[in-house]
1. Hey, among the residues in the range 1-47 that are in contact (Cβ under 8 Å) with a residue 24 or more places away in the chain and of a type in the set (S, T, N, Q), which one's nearest to Val147 (Cα to Cα)?
2. So, Gly79, is that one in contact with a helix residue (DSSP H, G or I) (Cβ under 7 Å, 6 or more places away or on another chain) and surrounded by 13 or more Cβ atoms within 10 Å (Cβ to Cβ) or not?
3. Scanning the range 34-59 for residues that are touching a strand residue (DSSP E or B) at 6+ places or on another chain (Cβ under 6 Å) and part of a strand (DSSP E or B), which turns out nearest to Lys88 (Cα to Cα)?
4. Any residue at all in the range 71-85 that's among the basic types (Lys, Arg), outside any strand (DSSP E or B) and not assigned by TED's automatic domain parsing to the domain that holds Lys37?
5. Of the numbered conditions (1) of a type in the set (D, E, K, R); (2) under 26 Å from Met1 (Cβ atoms); (3) touching a Ser or Thr at 6+ places or on another chain (Cβ under 7 Å), Arg50 fails exactly one; give the number of that condition.
6. Only residues in the range 60-83 that are in contact (Cβ under 8 Å) with a residue 24 or more places away in the chain and within 13 Å of Ser39 (Cβ to Cβ) count as the first member; pair them with residues that are surrounded by 10 or more Cβ atoms within 10 Å (Cβ to Cβ) and of a type in the set (Val, Ile, Thr), Cβ under 7 angstrom, at least 6 apart or cross-chain, and list the lot.
7. Here are some residues: Val29, Val10, Val48. Which one is surrounded by 13 or more Cβ atoms within 10 Å (Cβ to Cβ) and not acidic (Asp, Glu)?
8. Would you pick out the residues in the range 109-123 that are closer than 17 Å to Pro23 by Cα and either assigned to a helix (DSSP H, G or I) or not aromatic (Phe, Trp, Tyr) (or both)?
Amino acid sequence: MYITAWGFIVKNNDISQGGDLFPIENERVGKMFQAKKDSYKTICDNKVKRTLPNIEETQFQKKCNPVWKNYELTGSSEGTEKNPKFSKLKCQEEKIITAMDHHAQRLSNNGLDDVRFCYREDNAGLNQKLRYKMKLHEAFQNRGWLVFCQPP
């Protein structure tokens, strides 16, 4: 799963004329870690009996090799050390808003033009968490940007 942000520049300040789309950030939800043990695929024989043969052809994870682990996506909770989670708020603050600041600086024509972002997201449960909404709105208001949720 990825969290992806795109920007859209309106032509001649008129959305009916279209515009240009550009990528802002693409962040994968999870983390790489070292495999703790060798793992093997489950194989079904002719009698539909499941087996776990420890042979090289069925090995998909080797000890000490890097392996990707998907995390649960949450609004602001980072989980615990034993059960880590992916905080969308932390991703917004550290990656997406930082990238948006960079693009605003790049697109402002050396400060001559005023660049405003209008951010829109759906009404998924994690986007409705109070702490997430407050921090996101605060970060956008400090920059003069707008945040909208889709209507229910």
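The values are calculated or read from the model by the stated rules, or taken from the named source; none is laboratory data. These numbers come from a predicted model, not from an experiment. FYI the Cβ positions are ideal-geometry reconstructions off the backbone, even for glycines, and counts take in every protein chain you see.
1. Within the range 1-47, the first condition is being in contact (Cβ under 8 Å) with a residue 24 or more places away in the chain, and the residues that meet it are 1-3, 5, 7, 9, 22, 24-38.
Of the ones still in play, those that are also of a type in the set (S, T, N, Q) are 26, 34.
Numbers: Asn26: 19, Gln34: 38 Å.
This residue is Asn26.
2. Numbers: in contact with a helix residue (DSSP H, G or I) (Cβ under 7 Å, 6 or more places away or on another chain): no; surrounded by 13 or more Cβ atoms within 10 Å (Cβ to Cβ): yes.
Considered against the rule, which asks whether it is in contact with a helix residue (DSSP H, G or I) (Cβ under 7 Å, 6 or more places away or on another chain) and surrounded by 13 or more Cβ atoms within 10 Å (Cβ to Cβ), Gly79 comes out as no.
3. It comes out as Ser39.
4. Pass one, the range 71-85, residues among the basic types (Lys, Arg): 82, 85.
Right, trim to outside any strand (DSSP E or B) and you get 82.
Retained after the next criterion (residues that are not assigned by TED's automatic domain parsing to the domain that holds Lys37): 82.
Yes, there is a match, as at least one residue in the range 71-85 is among the basic types (Lys, Arg), outside any strand (DSSP E or B) and not assigned by TED's automatic domain parsing to the domain that holds Lys37.
5. Evaluating Arg50 over (1) of a type in the set (D, E, K, R); (2) under 26 Å from Met1 (Cβ atoms); (3) touching a Ser or Thr at 6+ places or on another chain (Cβ under 7 Å) leaves (2) as the failure.
6. Correct list of pairs: Gln61/Val67.
7. Numbers: Val10 fails: surrounded by 13 or more Cβ atoms within 10 Å (Cβ to Cβ); Val48 fails: surrounded by 13 or more Cβ atoms within 10 Å (Cβ to Cβ).
Result: Val29 is the single residue among Val29, Val10, Val48 that is surrounded by 13 or more Cβ atoms within 10 Å (Cβ to Cβ) and not acidic (Asp, Glu).
8. To start, the set of residues in the range 109-123 that are closer than 17 Å to Pro23 by Cα comprises 115-121.
Val115, Arg116, Cys118, Arg120, Glu121, listed by residue number.
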